[in-house]
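The values are calculated or read from the model by the stated rules, or taken from the named source; none is laboratory data. From a predicted model like this one, the values you see are computed outputs, not experimental measurements. Cβ atoms come from the backbone with ideal geometry, glycine included; neighbour counts cover every protein chain shown. The protein model used for the area step is the full one, side chains on, heavy atoms only, and it has no ligands, DNA or RNA in it. Shrake-Rupley method; radii C 1.70, N 1.55, O 1.52, S 1.80 Å.
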Amino acid sequence: MATLGARPSLALTVGEPAGIGPEIAIRAAWALRKEARCVLVGDAAFLSLTASLIDPAIRLSAISTLALRHSGLPHFGPDTIPVIDVPLAAHVVPGRLDAANGRALLATLDLAIEGSVQGGAGWFDAIVTAPLQKSTINDAGIAFSGHTEYLAEKTGTPKVVMMLAGAPGQGEPYLRVALATTHLPLKDVSSAITQESLTQVLDILHADLVHKFGLPAPRILVTGLNPHAGENGYLGREEIEVIEPVLEAARARGIDARGPYPADTLFQPKYLRDADAVLAMYHDQGLPVLKHATFGRGVNITLGLPLTRTSVDHGTALDLAAQGLGLADCGSMEEAIRVALSMVRSQQT
């Protein structure tokens, strides 16, 4: 792990090779090379070819997994990007998925976890992930529902929380939006929000805001589930029977959790200015607002893990990758690296 003041080491898994992940990972790692020691995790030969086509000045240096496990991560100066070589099984055609590469994609995640988890190998201070195509892995015969669920399973974490964050613009409040539920059909959301589950989410959110973001007394604004936060029970009783008791109990434990507020009016600067995070009840309640304000600069963060993980706020963009290099925007990847750096440094102080 990095010492205080040193460039932290970040594992950048390059994601779906037929998408824009390899390009944005290389470009962001090179752009921020003086701030972070970004270590690409992927097929070294493929990444070297890609880097040479992006900019011949970019220098990559391959390391085998055998050498890494034997001797650890070697030191490189800021003008060389290390690559942990995890070979692909099939030739990459931009924009065209190939299930033959599915197992190699999971191998990059496994290596990043091995080197980042608390009590693990200690090669990396955090993980930054480029987007994966779930179908590539599922078509390889492996059940896979996403980065977040896979990281939770591999680290033995019973409960994780999805949070997206970003700055809408200069001088505007920094948005952090966490979710009480994630990828559920809307018809299942109400039954999934119980006092127990909401308490777990709120505790994880508060703990990571304190320990991973360095906020000693975070203020959390919580939305209601129903329109107008239930309107005193006329539009639903989840606020009265579930959300309000959880918030009252949280405040008794010293957590500054306020609400429930109507979601349609909460996302205004006058309310968000003094808030450290918003906890929304479901995916399409909180994320459309954040993505509208920050898309291309937003960051996906997994809370509750025994490691630090950030990611981009977009997908693999296969159609863009098929058109060639130079079209993808690496702004979200750069911001994911910066947020990971900030989180690492908050935990070092």
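Data for the structure
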| item | result |
| --- | --- |
| Odd one out for Val117, checked against (1) open to solvent by less than 30 Å² (accessible area, probe 1.4 Å); (2) at pLDDT below 95; (3) of a type in the set (A, V, I, L, M) | (1) |
| For Ile63: the one exception among (1) open to solvent by 40 Å² or more (accessible area, probe 1.4 Å); (2) aliphatic (A, V, I, L, M); (3) free of Cβ contacts under 8 Å to residues at least 24 places away in the same chain; (4) touching a Leu at 6+ places or on another chain (Cβ under 9 Å) | (1) |
| Residue satisfying condition, being touching a Lys or Arg at 6+ places or on another chain (Cβ under 8 Å), in a strand (DSSP E or B), among the hydrophobic types (A, V, I, L, M, F, W, C) and buried (at least 18 other Cβ atoms within 10 Å of the Cβ), within set Leu10, Leu109 | Leu10 |
| In segment 276-298, residue most open to solvent (accessible area, probe 1.4 Å) [restricted to those that are of a type in the set (A, V, I, L, M, F, W, C) and at pLDDT below 95] | Phe295 |
| Qualifying residue in segment 186-193 (condition: part of a helix (DSSP H, G or I), acidic (Asp, Glu) and either farther than 21 Å from Leu287 by Cβ or at pLDDT below 95 (or both)) | no |
| Candidates His91, His75, filtered to the one that is open to solvent by 50 Å² or more (accessible area, probe 1.4 Å) and at pLDDT below 95 | His75 |
| Pairs where the first residue, in segment 328-349, is farther than 19 Å from Gly296 by Cα and the second is of a type in the set (S, T, N, Q) and buried (at least 22 other Cβ atoms within 10 Å of the Cβ), C-beta under 7 Å, 6+ apart | Met343/Thr308; Val344/Thr308 |
| Boolean, Gly115 is touching an Asp or Glu at 6+ places or on another chain (Cβ under 6 Å) and at negative phi | no |
| Verdict on Asp125 being among the acidic types (Asp, Glu), over 24 Å from Phe295 (Cα atoms), at pLDDT 95 or above and in contact with a Pro (Cβ under 6 Å, 6 or more places away or on another chain) | yes |
| Search result, residues across segment 211-254 that are among the aliphatic types (A, V, I, L, M), assigned to a helix (DSSP H, G or I) and surrounded by fewer than 16 Cβ atoms within 10 Å (Cβ to Cβ) | Ile240, Ala249, Ala252 |
| Per-region count, segment 88-106, residues outside any helix (DSSP H, G or I) and of a type in the set (A, V, I, L, M) | 6 |
| Index of the failed condition, Asp43 passing every other in (1) out of contact with any Cys (no Cβ under 7 Å at 6 or more places or on another chain); (2) among the charged types (D, E, K, R); (3) open to solvent by 50 Å² or more (accessible area, probe 1.4 Å) | (3) |
| Failed item, numbered, when Thr265 is tested on (1) open to solvent by less than 10 Å² (accessible area, probe 1.4 Å); (2) farther than 20 Å from Pro17 by Cα; (3) among the β-branched types (Val, Ile, Thr) | (1) |
| Those helices (runs of 4 or more DSSP H) lying entirely in segment 255-349 with at least 2 residues over 30 Å from Ile240 (Cβ atoms) | 283-294, 318-322, 331-348 |
| From Ile24, Ile63, Ile58, residue being of a type outside the set (Lys, Arg) and assigned to a helix (DSSP H, G or I) | Ile24 |
| Failed item, numbered, when Lys34 is tested on (1) within 24 Å of the chain's Cα centre (by Cα); (2) of a type outside the set (S, T, N, Q); (3) closer than 16 Å to Phe124 by Cβ; (4) open to solvent by 50 Å² or more (accessible area, probe 1.4 Å) | (3) |
| Subset of segment 123-151 that is more than 13 Å from Ile301 (Cα to Cα) and not in a loop (DSSP other than H, G, I, E, B) - its residue that is most open to solvent (accessible area, probe 1.4 Å) | Lys134 |
| Flag for Lys159 being of a type in the set (Lys, Arg), closer than 29 Å to Thr349 by Cβ and open to solvent by less than 40 Å² (accessible area, probe 1.4 Å) | no |
